[in-house]
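The values are calculated or read from the model by the stated rules, or taken from the named source; none is laboratory data. Because the structure is predicted, anything quoted here is derived from the model rather than measured. A quick note on method: Cβ atoms are made from the backbone with ideal geometry, for glycine too, and the neighbour counts reach across all protein chains shown. These area figures cover heavy atoms from the full protein model, side chains too; ligands, DNA and RNA do not enter into them. Shrake-Rupley method; radii C 1.70, N 1.55, O 1.52, S 1.80 Å.
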Amino acid sequence: MNTPNIANLGHVLVVDDDREIRDLLGRFLTKHGYRVTTVPDGKEMRRAIADWHIDLVVLDLMLPGEDGLSLCRDLRAKSQIPVIMLTMMGEETDRIIGLEMGADDYLPKPFNPRELLARMKAVLRRARGAPAVPATARRTILGFAGWKLDIGLRRLESPQGLIVDLSAGEFDLLVAFVEHPQRVLNRDQLLDLTHGRAEAPFDRSIDMQISRLRRKIEVDHKQPELIKTVRGGGYVLTVDVT
């Protein structure tokens with residue numbers, strides 16, 4: 001486990017069995033103001049998360065022993081720490097599964113460290129909620145179809161009164177929909193509304209985030225009634241918002 005000197009922008013955990021990648025990202029991210037811990041496998045990843053306050057995990061899909069998909073699923077069941085998954089070029093199915101398991105974004109190998117840095121900034125900004133919600137809306141509670149969305153507390157309550165855990169990306173997407181009910185929003189608009197365009201100009205992640213959001217709020221996520229797909233147009237929240 002390698003833990004360079006503390007910086008101010010956040011503590012990033014890099015999980016990759018390739019020493020060259022760990023060393024490269026350790027130096028690069030430290031140079032750009034992050035504290036970085038690098039580990040080679042899931043066992044060391046869990047130890048680091050137990051020992052440190054981690055702000056973001058960069059997680060390789062292919063690891064010895066327990067793979068990245070299992071680790072991501074396990075982490076998401078216990079924590080809302082943002083995850084960026086690294087995958088091999090062309091493994092689209094694995095990338096889709098990774099996003100469905102709870103990863104906030106993915107990056108195919110080989111990658112430019114600057115692109116990873118840009119995606120990290122976008123994911124961390126969403127996770128920290130800055131400054132997507134104006135001060136005047138911090139106490140706003142919006143209701144739709146029996147659901148209650150507390151924007152200030154970043155909390156979603158089901159019609160049964162249960163708190164539903166959402167990732168930062170899922171929450172920001174839901175806010176975009178409830179603030180624009182019964183209006184078709186295309187991927188570009190959703191990226192802009194979730195403040196994702198500057199650092200993450202790739203729209204496929206929007207589709208994956210919506211798929212995950214549907215699994216949490218729809219009665220049948222395969223036949224959604226709340227967030228519907230408009231062919232050739234985008235997505236629409238079909239119900240009234242109060």
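Observations on the model:
- Evaluation of Ile141 against the conditions (1) among the β-branched types (Val, Ile, Thr); (2) touching an Asp or Glu at 6+ places or on another chain (Cβ under 6 Å); (3) in contact (Cβ under 8 Å) with a residue 60 or more places away in the chain shows that the sole unmet condition is (3).
- Within segment 173-192, residues that are within 9 Å of Val241 (Cβ to Cβ) reach partners that are β-branched (Val, Ile, Thr) and surrounded by 15 or more Cβ atoms within 10 Å (Cβ to Cβ) with beta carbons closer than 6 Å, at six or more positions or on different chains, in the pairs Val178/Val241; Pro181/Val241.
- Each residue in segment 31-64 was checked for being open to solvent by 80 Å² or more (accessible area, probe 1.4 Å) and under 22 Å from Lys109 (Cβ atoms), and 2 pass.
- Looking only at residues in segment 219-242 that are among the aliphatic types (A, V, I, L, M), part of a loop (DSSP other than H, G, I, E, B) and under 13 Å from Gln182 (Cα atoms), the one that is nearest to the chain's Cα centre (by Cα) is Leu226.
- Residue within segment 60-68 that is assigned to a helix (DSSP H, G or I) and at pLDDT below 95 present: yes
- Check on Ala200, in a loop (DSSP other than H, G, I, E, B) and modelled with pLDDT under 90: yes
- Qualifying residue in segment 73-80 (condition: at pLDDT 90 or above and either under 20 Å from Leu25 (Cβ atoms) or touching a Ser or Thr at 6+ places or on another chain (Cβ under 6 Å) (or both)): no
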